[in-house]
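A quick write-up on the structure given underneath.
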Amino acid sequence: MPEENEKRQFHRCFYNKAATLSLNEYQWDCELVDISIHGCLLRFKETWEAQDPETIYTLKLVLSESKIIIMNLTINHAVDNEVGCKCIHIDLDSISELRRLVELNLGDSDLLERDLLALSH
C-alpha cells in the first residue's frame, strides 16, 4: 500500500515478468517489477553497473505471441540490482498494449486518463 506522502505522478502496474533490456548489440535479461506510462522498475541478476544517464536503452516485454511492449528508456536510478527507468519514447502499438495492461491492473480507466493527460504535459 503506497504511503500517503508518496509523490508519484503516474500509477504503477506491478507485473513480474521476464524482459530484455538492450543497447546496440548488448542485451541483458531482467525481470520487470513494475511499469507505468512514465517508466518502469527492472531487476537484474547482478548489480547494475552505472552507465551514462543519457544512454538510451530499449526494453522489450513480451506479453504474448502477439502482444509486445517496446519502450526506449533512460536510467533514472540504480540501487544494487534494481534499476528505475524513465520512458522517453514508446510507439503507438506499444502504448496501446501498455494502456490495456495498466487499465486492467488499475481497474479504473479514469485514473489511466489522468496519467495520460499528465504525460502529455
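The values are calculated or read from the model by the stated rules, or taken from the named source; none is laboratory data. As the structure is a computational prediction, the values presented were derived from the model and not from experiment. Positions of Cβ are backbone-derived with ideal geometry, glycine not excepted, and every protein chain shown enters the neighbour counts.
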* Identify all residues within segment 54-85 that are charged (D, E, K, R) and assigned to a strand (DSSP E or B); write none if there are none. => LYS60, GLU82
* Structure fact -> Contact list, first residue from segment 88-117 and closer than 13 Å to GLY39 by Cα and at pLDDT below 75, second anywhere and part of a helix (DSSP H, G or I) and among the charged types (D, E, K, R), beta-carbon distance below 8 Å, six or more apart or interchain, is LEU116/ARG99
* Selection within segment 25-62 - of a type in the set (S, T, N, Q), within 22 Å of ASP93 (Cα to Cα) and modelled with pLDDT of 95 or more -> THR58
